[in-house]
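Peer 1: Would you mind keeping the following structure in view while I ask a few things?
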Amino acid sequence: MEDSIKRVEHVWCEGDDRWVYIEYNEDNDIIGLNFRQGDEYENFKELWTDRDLGLSEYYTEMVSIFNIERQSNSNLGFINKVIWSYHIAIEIISYERRK
């Protein structure tokens, strides 16, 4: 059974130049993520405020695998590391497929 969304945040991450969409369940666990590079908040609200299933699943796996890293960073700091890692992995896969 999928967790129900109990709270949503839109967070501006100046150092990473992105808006982050975060869904939480009733236990305050993160259950959904999405992001948009750049500071265009209206575009972010319109097109990027739904759960990215791939990124959300990747985040869940990273929490499990890299729990010590998660505990040694702020919540948002870890989320941004996961987003960068996810983005890089997708770019590498795309590059390999174009060869």
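The values are calculated or read from the model by the stated rules, or taken from the named source; none is laboratory data. What you are looking at is a predicted structure, and each value in this text was computed from that prediction instead of being measured. Ideal geometry is used to build each Cβ from the backbone, glycine not excepted, and the neighbour counts take in all protein chains shown.
Peer 1: Looking only at helices (runs of 4 or more DSSP H) that lie completely in the stretch 13-99, which have at least 1 residues being among the hydrophobic types (A, V, I, L, M, F, W, C) and modelled with pLDDT under 95?
Peer 2: Because the criterion is at least 1 residues that are among the hydrophobic types (A, V, I, L, M, F, W, C) and modelled with pLDDT under 95, the helices (runs of 4 or more DSSP H) in the stretch 13-99 that meet it are 67-71, 75-98.
Peer 1: Let me ask another. For the stretch 65-89, which residues satisfy the criterion of being closer than 14 Å to D16 by Cα and charged (D, E, K, R)?
Peer 2: K81
Peer 1: Please count how many residues of the stretch 47-96 are basic (K, R) and within 10 Å of the chain's Cα centre (by Cα).
Peer 2: 2
Peer 1: What number of residues within the stretch 1-32 are surrounded by fewer than 11 Cβ atoms within 10 Å (Cβ to Cβ) and of a type in the set (A, V, I, L, M, F, W, C)?
Peer 2: Matching residues across the stretch 1-32 total 1.
Peer 1: Sticking with this structure for a sec: For the stretch 33-56, how many residues meet the condition of being loosely packed, with under 12 Cβ neighbours inside 10 Å and without any contact (Cβ under 8 Å) to a residue 24 or more places away in the chain?
Peer 2: 5
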